[in-house]
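The values are calculated or read from the model by the stated rules, or taken from the named source; none is laboratory data. On a predicted model such as this, the values are computed, not experimentally measured, just so you know. Side chains included, ligands, DNA and RNA excluded: accessible areas come from the protein's heavy atoms. Shrake-Rupley method; radii C 1.70, N 1.55, O 1.52, S 1.80 Å.
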Amino acid sequence: IRHSNPVVVDNTPPALVGDLTARIEKDQARINVAARDALSPIRAVHWSLDAADDWQPALPDDMIFDSTSEDLVITIPDLEPGPHVITVRVTDQRNNALYKAQVIEVE
């Protein structure tokens, strides 16, 4: 009988602490994101406006993805009046991804 060392398999995506919270100021949205992962460091956070395919990168508050816990503020300027859908994608080091959408209203 042969025995090997334990192997950790991470197939669980990151999670958000609470909901995405958006603050609207004139034509600009500021979204607070608190991402956490149980096993792998957060590798990237991207956002998309109104289901567009051009994902924009976002940096954490400390400017480097280096832990399983990252806090960010995403600022989206020059929004047209009306409803918008902001989608946030959080990816961990093992390429597990979480997608979360938030509807906002710009007056």
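Listed values, structure above:
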quantity: Solvent-accessible area of Ser67 with every protein chain in place, 1.4 Å probe, in Å² to the nearest 10; calculated: 40 Å²
quantity: Share of carbon and sulfur in the accessible heavy-atom surface of the chain [1.4 Å probe, %]; calculated: 50 percent
quantity: ³J(HN,Hα), Karplus 6.51/-1.76/1.60, whole Hz, each residue of region 95-107, x for Gly, Pro; calculated: 6, 7, 10, 10, 10, 9, 10, 9, 8, 10, 10, 9, 8
quantity: Relative contact order %, region 49-107, counting alpha carbon pairs below 8 Å whose residues are six or more apart; calculated: 32 percent
quantity: Amide hydrogen neighbours beyond the local backbone of Ala44, cut-off 5 Å, H modeled; calculated: Thr91
quantity: Relative contact order %, the chain, counting alpha carbon pairs below 8 Å whose residues are six or more apart; calculated: 31 percent
quantity: Segment Asn5-Gln93, length gained on full extension (0.36 nm per residue, minus Cα span); calculated: 29.5 nm
quantity: Accessible area expressed per residue, region 13-83, with surrounding protein chains retained (probe 1.4 Å, Å²); calculated: 57 Å²
quantity: Listed residues Val90, Val45, Val17, most fluctuating in the chain (Gaussian network, C-alpha, under 10 Å); calculated: Val17
